[in-house]
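A.B. asks: Below is one structure. I have some questions about it.
The values are calculated or read from the model by the stated rules, or taken from the named source; none is laboratory data. Being a predicted model, the structure only gives us computed values, none of them experimental. Neighbour counts are summed over all protein chains in view; Cβ atoms, including those assigned to glycine, are modelled from backbone coordinates with ideal geometry.
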Amino acid sequence: MLTRLTRLNFKYLLELVMWRSGSKRAVQMSATAPESSEQSLQAPTPPTAIPLGQIIMKLPGLFPRSFTRSYEDYRVFCEDSEKLQTQLLHTLPVFSNTHTQLGEKEARVLKVPVDSEGNYINEVCISPRNPAPRLKHVVFVHGYGAGLGFFLKNLEHLPLPNNEWCIHAIDMPGFGYSSRPRFPFQYPQSSQEDVHAWFHTRLRAWFEKRGLLKQPQDNMVVAHSLGAYVMALYANKYPTDFRKLVMCSPAGVCHSGNIDKGKLNPKIQRHANMSPPWWYVKLWDRNISPFSIVRSAGPLGSKITSGWSYRRFKQLLLKRPGDSSNAKRVAQFEALHRYSYGIFNRPGSGEYLLAFALSCGGNPRNALEETIFSEPGNADSFRAHCDWLWMYGENDWMNKSGGKRISDSLNKTFGSGKSRLDIVPNAGHHLYFDNYEFFNRRIVEEMELLGRE
């Protein structure tokens, strides 16, 4: 049984790495030179079983990180795992007191206490060195398995208009470099309400401790994927804590049965009716994830992580108009890979929310469209006061139609302007990263709009 479980775990890891990256093609990459750009992102497809022998033959291409570098990453992690976050953040000019065209910024890394048990939320805060009398706040919340470091290019390039804005990027409870308490729930025995409360009470404590509830009308939240799912439920529980919620490629919006499959990307449509293997479902529900494999791999953990990170972040190596030097791009690529390994290798905690939010394959257990958004005019079920912006990548594998239906319903109920939907060109699920120039411009527009209201 142990041998079989190991084989299944290994297959599961390979499949999920390739599934999440949107490619079944092995990608060899050097961290010393940029590669040619792809015109469009490949659409991810559901996992299929791969013979173990074939997996072994493909290992060098699937996991391009060298053994030497993987061991070095492991050594640094064991000595001081926080160093991997520090190295990433220090690729940002703001951490070296660089002056920007819009004025000086300063940055801090904070560990904000959120309960009486010693737990904390990890935060990067970027603020004006000479702030306006009244500050507004934009809060970035990451998705599943991610951390605040994935917003690297947003933190690097977003301005602070009129020195009136403060940027906060946080790690959700049990994610990233936030504290990792034992996750006290097990699917399906525990209730979703208890699981959601575990996150929401800590997030609310962060808002309170950071003083963001003194003038909540000045707050905007930008949340991605599973983080968007969490923050939508938060907005319904604490209706007045922020003025606007930007839902970036949100998870858990609608069931696949509500998708117009004729509008799907052909590569996704081809697999729309396929079901994951039974063992994949079992591992999903029992919280056995690629992170479990990374944690048990010791010095090979960084090499395994590279099966995802080298594909996910390879565009950092591509020169963009007005971008930094090649050395800077390589440094950020390297630091972002090591950061990813660092957060993947930390003890499992908040990531176990996934089994409660989504069934295997990505269908929501309780879709937002059918719960809090089912009757926007019913004050008993829909209590959120904020405005909404739904953003999807042009090549997003998340279903856009659910977000559009909800947005239309909100506008029909509350009047036009309550909700909008935007498409980010040349971007996939990680739209904030794939086309950060366009994404950042849209966020600045929303910041300026909130400032005028």
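A.B. asks: So, of the residues in region 298-344 that are out of contact with any helix residue (DSSP H, G or I) (no Cβ under 7 Å at 6 or more places or on another chain) and within 18 Å of Gly176 (Cα to Cα), which turns out to be surrounded by the most Cβ atoms within 10 Å (Cβ to Cβ)?
C.D. replies: Going through the qualifying residues, I end up with Ile343.
Conditions tested, residue by residue: (1) in contact (Cβ under 8 Å) with a residue 40 or more places away in the chain; (2) part of a strand (DSSP E or B); (3) not basic (Lys, Arg).
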residue	(1), (2), (3)
Ser127	yes, yes, yes
Pro133	no, no, yes
Phe150	yes, no, yes
Lys153	yes, no, no
Glu156	yes, no, yes
Asn162	yes, no, yes
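A.B. asks: Let me ask something else. Would you say Tyr144 is hydroxyl-bearing (Ser, Thr, Tyr), crowded, with 17+ Cβ neighbours inside 10 Å and touching a Ser or Thr at 6+ places or on another chain (Cβ under 7 Å)? Quick ask: steps written out before the conclusion?
C.D. replies: Values: hydroxyl-bearing (Ser, Thr, Tyr): yes; crowded, with 17+ Cβ neighbours inside 10 Å: yes; touching a Ser or Thr at 6+ places or on another chain (Cβ under 7 Å): yes.
Considered against the rule, which asks whether it is hydroxyl-bearing (Ser, Thr, Tyr), crowded, with 17+ Cβ neighbours inside 10 Å and touching a Ser or Thr at 6+ places or on another chain (Cβ under 7 Å), Tyr144 comes out as yes.
A.B. asks: Checking the conditions here, which among Gln332, Gln315 is of a type outside the set (Lys, Arg), outside any loop (DSSP other than H, G, I, E, B) and at pLDDT below 95?
C.D. replies: Criteria check complete, one pass: Gln315.
A.B. asks: Hey, another quick one. Please tell me if Arg180 is modelled with pLDDT of 95 or more, in contact with a Ser or Thr (Cβ under 9 Å, 6 or more places away or on another chain) and in a helix (DSSP H, G or I).
C.D. replies: Taking the combined requirement at face value, the residue does not satisfy it.
A.B. asks: Taking the residues in region 208-224 that are in a loop (DSSP other than H, G, I, E, B) and within 23 Å of the chain's Cα centre (by Cα) as candidates, determine which candidate is nearest to Pro250 (Cα to Cα).
C.D. replies: Leu212
A.B. asks: Quick one: count up the residues across region 49-107 that are part of a helix (DSSP H, G or I) and either touching a Ser or Thr at 6+ places or on another chain (Cβ under 7 Å) or modelled with pLDDT of 95 or more (or both).
C.D. replies: The qualifying residues number 22.
A.B. asks: Moving on to the next point. Looking at (1) under 17 Å from Gly348 (Cβ atoms); (2) touching a residue at least 24 places away in the same chain (Cβ under 8 Å), which one does Cys166 not meet, given that it meets all the others?
C.D. replies: Result: Cys166 passes all but (1).
A.B. asks: A further question on this structure: Are there any pairs, at least 6 apart or on different chains, whose C-beta atoms fall under 8 Å, with the first in region 212-241 and farther than 18 Å from Arg442 by Cβ and the second assigned to a helix (DSSP H, G or I) and among the small types (Gly, Ala, Ser), and if so, which?
C.D. replies: Leu226/Ala357; Tyr229/Ala357; Asp241/Ala235
Each row is one residue, and each column tells you yes or no for (1) out of contact with any Asp or Glu (no Cβ under 9 Å at 6 or more places or on another chain); (2) polar (S, T, N, Q); (3) surrounded by 14 or more Cβ atoms within 10 Å (Cβ to Cβ); (4) at pLDDT 70 or above.
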site: Asn219; (1), (2), (3), (4): no, yes, yes, yes
site: Val222; (1), (2), (3), (4): no, no, yes, yes
site: Ala228; (1), (2), (3), (4): yes, no, yes, yes
site: Asn258; (1), (2), (3), (4): no, yes, yes, no
site: Lys263; (1), (2), (3), (4): yes, no, no, no
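A.B. asks: On the basis of being assigned to a loop (DSSP other than H, G, I, E, B) and aromatic (Phe, Trp, Tyr), does Phe382 make the cut?
C.D. replies: Values: assigned to a loop (DSSP other than H, G, I, E, B): yes; aromatic (Phe, Trp, Tyr): yes.
Judged against the criteria, Phe382 is a match.
A.B. asks: Here's a follow-up. Based on this model, can you work out whether Ala197 counts as under 23 Å from Leu354 (Cβ atoms), among the aliphatic types (A, V, I, L, M) and within 19 Å of the chain's Cα centre (by Cα)?
C.D. replies: So Ala197 fails the test.
A.B. asks: Report yes if some residue within region 113-120 is of a type in the set (S, T, N, Q), modelled with pLDDT of 95 or more, touching a strand residue (DSSP E or B) at 6+ places or on another chain (Cβ under 8 Å) and buried (at least 20 other Cβ atoms within 10 Å of the Cβ); otherwise report no.
C.D. replies: no
A.B. asks: Please tell me if Val195 is surrounded by fewer than 23 Cβ atoms within 10 Å (Cβ to Cβ), within 29 Å of Ser289 (Cβ to Cβ) and either touching a Gly at 6+ places or on another chain (Cβ under 8 Å) or at pLDDT 95 or above (or both).
C.D. replies: On the way: surrounded by fewer than 23 Cβ atoms within 10 Å (Cβ to Cβ): yes; within 29 Å of Ser289 (Cβ to Cβ): yes; either touching a Gly at 6+ places or on another chain (Cβ under 8 Å) or at pLDDT 95 or above (or both): yes.
When the stated conditions are applied, Val195 passes them.
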